[in-house]
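Quick note: the coordinates plus some simple rules give every number you see, no bench work behind them. Computed from a predicted model, the values in this text were never measured in an experiment. Methodologically, a virtual Cβ is constructed for each residue, glycine included, from the backbone with ideal geometry; neighbour enumeration extends over all protein chains shown.
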Amino acid sequence: MFHKTFENEILVEVQNGTVRKVSKIENYVDDPKRVHRKYGDTISKVLFNELSKLNWQNKKDFDCSEKYLVTIGKNGEVSKVNMPDYQTKEEIKRFWEPNEYKYCIKTVKKGLSDLKFDILRIKNKPVEESYYLDIWIEDNGKLENWTE
C-alpha cells in the first residue's frame, strides 16, 4: 500500500465556522542516534550491511539464503522478520526443516536488533513499515545482496 504524508503539518480544528485549535504535527522524528529514513541509502541496503557483519558459517550447515520481510515497528526498531514466500505452517513444514527455519529467522532478527531507525508517523501516530531483503550466502559465509 502506498500512502503519502508530509513531514510537518498544521492541523486546524474548526467548529461552527470558528477556529478552535491550531496544532503543529511532526510526522518524522529525526534523532541523530538513529538511522535516517529520509535520504541516502535505501533501508534494504542498511539492513544488508548490518547482516554482513555476522558470521554466516554455521556448524549445522543451515542455508539461510532467502527473501525476508523485515518490519520496522512503531518505535523504530526491527519488530518482526519472516519469509514472505512461506506464509503458512504447512508451507514451512513442506520446504524447511523446523530447526533450520527458526535458526534463519532468529539469526536475521538478532543480527538487526541493534538498528534503531527514525520514527515515522501518519497524522501524528507512529506507523510500522516493512521492507524486503533478499540475501544469498556463499559456501564460505560471504553474504550477497540479491534485493531488487
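A compact table of results
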{"quantity": "For segment 28-145, size of Cβ-based charge dipole, Lys and Arg +1, Asp and Glu -1, in debye", "calculated": "620"}
{"quantity": "Candidate aspartates and glutamates for bridging to residue 4, where Cα separation is under 16 Å - those fewer than 8 sequence places away on the same chain excluded", "calculated": "26, 128, 129"}
{"quantity": "Gaussian network model of the chain, Cα within-10 Å springs - most flexible of 30, 63, 85", "calculated": "85"}
{"quantity": "Computed over the chain, the ratio Rg/Rh where both radii use C-alpha atoms and Rh is Kirkwood", "calculated": "1.12"}
{"quantity": "Cα-based convex hull volume of segment 1-85 per residue, rounded to whole Å³", "calculated": "161"}
{"quantity": "Given 11 as the ceiling on other Cβ atoms within 10 Å, longest exposed-site-free region of the chain for trypsin sites (Lys or Arg not before Pro) in DSSP loops", "calculated": "61-122"}
{"quantity": "Cβ-Cβ FRET estimate between residue 134 and residue 26, R0 fixed at 41 Å, reported to 0.05", "calculated": "0.80"}
{"quantity": "Amide H within-cut-off set for residue 79, under 5 Å, with H built and near neighbours excluded", "calculated": "71, 72, 73"}
{"quantity": "Cα long-axis angle, helix 98-112 against the chain (0 to 90 degrees, to the nearest 10)", "calculated": "50"}
{"quantity": "Calculated FRET value between residue 61 and residue 142, using beta carbons and R₀ = 22 Å, to 0.05", "calculated": "0.90"}
{"quantity": "Amide N of segment 47-66 lying under 17 Å from the label point, which is placed 7 angstrom from the Cα of residue 100 along Cα→Cβ", "calculated": "56-66"}
{"quantity": "Residue-by-residue Karplus 3J(HN,Hα) for segment 59-68, coefficients 6.51, -1.76, 1.60, Hz, glycine and proline x", "calculated": "5, 8, 6, 6, 10, 9, 5, 5, 8, 10"}
